[in-house]
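A short reminder: the numbers here are calculations on the coordinates, not readings from a lab. Note that the coordinates shown come from a computational prediction; the quantities given were computed from them, not determined experimentally. Because the Cβ atoms are built from the backbone with ideal geometry, glycine has one as well, and the counts that use them run over all protein chains shown.
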Amino acid sequence: MLDNPAGTDLPGLLDAGAHCLAEAWPDGHPVLRALTTLRDRLQESRLQIAILGQFKRGKSTFINALLRAPLLPSAVVPATAIPTFIAWGAVPRILVTFQGNRPPDDIHPADTDSIRAELGRWVTEEGNPINRRQVRRVHLFVPSDVLRDGIVLIDTPGIGSTLRHNTDAAIQVLPECDAALFVVSADPPVTEAEMDYLRAIRPHVVRLYFVLNKVDYLDPAEQGQALGFLHNALGAALGSAEEAAIFPLSARRALEAVATSDGAALEASGLPRIERDVLHTLRSDKLGALHASAALKAKMLLEQALADLTLKRRALELPLDDLEQRARKLEEALRETERERQVAHDMLAGDRRRAAEKLESQAEALRQEARQRFNALVHRHVESNRGVMDRGAIQRSLDAALPDFFEATLATFSADFRQAVEAILSRQQQRADTLIRSVRAITASLFDIALPPQEPAEPFRLGPEPYWASQKLVHALIPTPAGVVRRMLPGTMRQRYLRRALEEEIADLVMQNVEGLRWATLRGLDETFRRFGTQLDERLAEAISATHGSIRQVVERRRNEAGQTANELSRLNALEDRLRAMTSALVRLDATTVA
């Protein structure tokens, strides 16, 4: 037992929890790694504040106003596609991290415009559609006063657009948020999608504030009505209207006031009130906000570890014959799980084959479209030159048309294919999550205990795809021995021959370019499905190890060390008591901090 769990501070509780888990699982446990990461962030005293909300609510403009400079890109279409972590730095710097093993890009932009342009390449749908560059996240370091004292702002992708991957990316960042500003707008009013998102994030965020942006679209009476409507809607979603602290704002006018150094206009925009009542309060009570967030996350982690430890203790308490019988039933159930795993892999292989067939079909359609486009270009050229073919002029036209065509086509080609593949992966992941949950559910039923299910895996995305900025386009036509042709053929036949030869060369040229796109996409497809299958096996093995592995160890120990059962049971009971005491202490710490 802890000597005084109620008075133990949070770092001490995290250290004690880590020591306790190391005793219970000398070979390591996922919760131990998560606790260590949480403890490290607490020691760094870094308070991470997420700017959340639906797409096109003005989140990036709001952050630009806070930073006092238009650093983040904004657009009419959904702009932010990748989470951007913004922290203080003496000089501007952008650090781009990637999925897989690619090393980070460390960029040092010279000024505001270059910061915005560089970010546009990585975090926007225009510069990085459907995250084709495979960016994990972007870190921006700038010398802004709002970021002093360990404050980190997180610009999140907007939820609720037609781009599902943006919603997924926004949700995945929630465990890293200590506080959040939820941005809605006066035009249009709050939506059901925003209410669903709010209900999803509420358990993860201790300090939550609301910003009603774009109030400059409304007159004073309409502003009052919008605030009242939002207050009622948030109260219904949160269960208490008192939790809904709402701050009216015009982020656009705030940024304009910053540019013109108009203090009165800045105050009227509503931004200074948010800075005073939210950011200043969070900064002055940063330690409290950090502790409240870390206490909540640590409590959830320790509860998960406690359930796994309870399984070990339950196995020790049962009579050996009973334990062995239940262990055999578990093994039988897991053999069925193994068969289901094989079925899942077979279904995955079938889905991969159908996706490859779809890719071939799309590539052939692209070949036909490209041939028609470039043959039409030749036809228009010949028509404009009264039937005369000028190969040099045609070559120059193709040199200009080829990159434009393929760059414009790539986005549509990739988007259509990626959406189809990710729909397949989403269905496969639901099956995988169900299979993995069944392992813990079977164990819980056999041993009469409650085991929380494993968290769902991160949504899978199609692997790296080509983008023409880094691809060399093939656009050189093969010289035709025109002099010989001219000497041997009449003029009409000569032009017809040249045109037919040119169409064949265009077909070869299109084939080379489309094949490069098809082959690179096929490699990404194969790699994605391979990683998915590997992750399924790893997650299933982890679930089995945490349940069947623990039971098997207990059975072997009881067979070989029959006289030591009482001692081991006493040790596990003591560890359970310590974990429960730590969990209770975390609850009290959380309640004290929030109060």
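Place the peptides 247-255, 417-425 in order of packing, highest mean first, counting for every residue the other Cβ atoms within 10 Å and averaging per peptide.
Working: 247-255: 23.4, 417-425: 19.3.
Put in order of decreasing packing, that is 247-255, 417-425.
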Cα centroid of region 543-587 to Cα centroid of region 267-338, whole Å: 18
Which of the lysines could a cross-linker bridge to LYS59, judged by Cα under 18 Å and excluding same-chain residues fewer than eight apart? LYS214
Sorted by average packing, counted as other Cβ atoms within 10 angstrom per residue and highest first, what order do 216-222, 179-185 take? 179-185, 216-222
Where a Cα-Cα gap under 20 Å defines reach, which lysines qualify for LYS329, not counting those fewer than 8 residues away within the same chain? LYS312
Which one, LEU47, ILE63, LEU282, is farthest towards the positive end of the dipole of region 45-284 when Lys and Arg carry +1 and Asp and Glu -1 on their Cβ? LEU47
So what's the net charge close to VAL183: Lys and Arg +1, Asp and Glu -1, counting the other residues with Cβ under 9 Å from its Cβ? +2
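Can you list, largest first and rounded to whole Å, the semi-axes you get for region 45-284 by taking the square root of 5 times each eigenvalue of its Cα gyration tensor?
27, 21, 17
Could you give the alpha-carbon Rg of region 298-350 over 2.2 N^0.38 Å, rounded to two decimals?
Details: Rg = 16.3 Å, N = 53, 2.2 N^0.38 = 9.9 Å.
Here the answer is 1.63, to two decimals.
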If amide H atoms are built 1.01 Å from N in the plane of the peptide, which residues on other chains or at least 5 residues away come under 5 Å of the amide H of ALA50? ILE154, ASP178, ALA179, ALA180, LEU181
For THR124, the residues 5 or more places away or on another chain with a placed amide H closer than 5 Å to its own amide H are ALA81
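Sort 315-324, 532-541 by the packing proxy (mean of other Cβ within 10 Å over each peptide's residues), most packed first. Don't skip to the end; give the middle numbers.
On the way: 315-324: 14.9, 532-541: 16.7.
So the peptides 315-324, 532-541, ranked by packing, come out 532-541, 315-324.
ILE544: net charge of surrounding residues, Cβ under 13 Å, Lys/Arg +1, Asp/Glu -1, itself excluded? Mind showing how you got there, number by number?
Values: positive: ARG335, ARG341, ARG437, ARG440, ARG539, ARG552; negative: ASP308, GLU331, GLU336, GLU338, GLU340, ASP537, GLU538, GLU542.
With Lys, Arg at +1 and Asp, Glu at -1, the neighbours total -2.
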So, over other residues within a Cβ distance under 12 Å of ARG373, counting Lys, Arg +1 and Asp, Glu -1, the net charge is +1
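Roughly how compact is region 191-240, stated as its Cα Rg over 2.2 N^0.38 Å to two decimals? Numbers along the way, then the final one.
Working: Rg = 12.2 Å, N = 50, 2.2 N^0.38 = 9.7 Å.
Scaled against compact globular proteins, the figure is 1.25.
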Starting from the Cα of LYS286, draw a straight line to each of the lysines and keep only those under 17 Å, dropping any in the same chain fewer than 8 residues away. LYS297
